[in-house]
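Reading through the structure tokens given below for one structure.
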Amino acid sequence: MTPRGYSRPPAAGQGLRLHLNEHTGGCSTDVVEALSRLSPEEIARYPEYADTTARVAAHLGVGPERVLLTNGLDEGILVAALAWLGGCTGPKAVVIVEPAFELYDLYADALGARIDRVPPREDFSFPEEQVLAAISPVTRLVFLTSPNNPTGQLIPRSAIRAVLDRVPRGALVFLDEAYSDFAGESFLDEAAAYPQLVIGRTFAKAYGLAGLRLGALVGAPETLAPLRRVIPPYSVNVGALAAVEAAIADPDHRRRYLAESAASKRLLYAACRRWGAEYWPSAANFVLIRIGPRVREIVAALAARGIYIRDRSDAPGCEGCVRITAGRLDETRRVIAALEELLCGAP
Ligand SMILES: *Cc1c(COP(=O)(O)O)cnc(C)c1O
């Protein structure tokens, strides 16, 4: 099976953007002020980021030697794949648990790895036995995502430990925690016990910095070393560095948004129950909903009204499903009203 790759969604412009799990409330205004304070000289220089790395590490509760800042978590995934799969001749395999974030199989395939896919369970709970069975002596990399995108499901800690204990020597487990802020749950506090683990975080989702691109990888210094060797030396820009410091320093902005996102999820769940649509309670800032056979038509009809949601119906186990970002309450009410009209023919 060839990888599906990343299908860039159509430009949504100023429409209602509920298709990319962005922070729909906008970043903290402190971030905008920090950006406006950047001097011409600072912008003219290549960025130095030891200080910001230390600040991010403290924020995550780990030592600075355990953190690598990246140009978005996307770059973190790329350099992990490059470091673990590039230049490795002989059989190499990557384990991907479906449905999964699209970039894992894109990079694994580009680097010549075999992809061992674990199909989803009906309820999207983590298929621990099947994942353990998919790990083989040639496994080099295992991608885990908690909460998962697009299902919103958390992986139990016991299952993460079991995978870490099962991988062969020299293999890497990449735990993508892009949405862990929304879940209030992270494996970071156990990470130090596992040199075969890298945890990926991003400031795109809960901190509203998607447009500036900033991610962080956390792992043992010896595990991050091969990633440091291949990552471009100045991939994180001065704007992102100034922004993340201001964003970290404004926890109220984050707290308010997490609460609003949770309330939006409850509105979406209630709407699904009214419509009789299947949904999966989500630990992230989006909800996967089974719209059914009309999914393409409905996504297109919403887009025609300037409301963008993500058609995930081609992902394994997600037949007829859309993924809707749960952010601002007023926007959630708008998408629910529009969907209600399309699904139930309300005026
Ligand atoms: C959004 C997302 C990312 C990418 O985050 P960026 O920091 O914007 O590159 C990585 N992994 C998952 C699962 C995501 O949903």
key: Size of electric dipole in the chain: Cβ of Lys, Arg +1 and of Asp, Glu -1, about Cα centre, debye, nearest 20   = 500
task = Would you mind getting the accessible area per residue of region 105-229, heavy atoms of the protein chains only, 1.4 Å probe, in Å²?
result = 37
note = Cα-based Debye curve of the chain sampled at q = 0.07 Å⁻¹ gives log₁₀ I(q)/I(0) of -0.29
inquiry  = Using a 7 Å offset from the Cα along the Cα-to-Cβ direction at both Asp252 and Asp330, what is the distance between the two label points in nm, to one decimal?
reply    = 2.1
ask   = So what's the net charge close to Gly25: Lys and Arg +1, Asp and Glu -1, counting the other residues with Cβ under 9 Å from its Cβ?
value = +1
key: Neighbour net charge for Gly90 - beta-carbon separation under 14 angstrom, K R +1, D E -1   = +3
message = Using the basic label-point model (7 angstrom from Cα toward the beta carbon), what is the Asp189 to Glu33 distance in nanometres?
response = 3.3
ask   = Each label point is 7 Å from the Cα along the Cα-to-Cβ direction; what then is the distance between the points at Arg166 and Tyr234, in nm?
value = 4.5
query = When ranked by the protection proxy of mean other Cβ atoms within 10 Å per residue, highest first, what sequence do the peptides 41-51, 181-191, 319-329, 101-111 form?
reply = 319-329, 101-111, 181-191, 41-51
query = Cα-Cα pairs above 16 Å in region 36-111: how many percent?
reply = 66
message = From the gyration tensor of the Cα coordinates in region 92-239, what semi-axes in whole Å does the equivalent ellipsoid have, largest first, with each one equal to sqrt(5λ)?
response = 23, 19, 15
ask   = What number, rounded to the nearest 500 deg cm²/dmol, is the helix-based mean residue ellipticity at 222 nm of the chain, given -39500 (n - 2.57) per DSSP H run of at least four residues and division by all its residues?
value = -12000 deg cm²/dmol
query = Ignoring any ligand, DNA or RNA, what whole percent of the accessible area of the chain comes from carbon and sulfur when the probe is 1.4 angstrom?
reply = 53
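The values are calculated or read from the model by the stated rules, or taken from the named source; none is laboratory data. Small disclaimer: the values here were computed from a predicted structure and weren't measured. All Cβ positions, glycine included, derive from the backbone under ideal geometry; neighbour counts span all protein chains shown. With ligands, DNA and RNA removed, areas are computed over all heavy atoms of the protein, side chains included. Shrake-Rupley method; radii C 1.70, N 1.55, O 1.52, S 1.80 Å.
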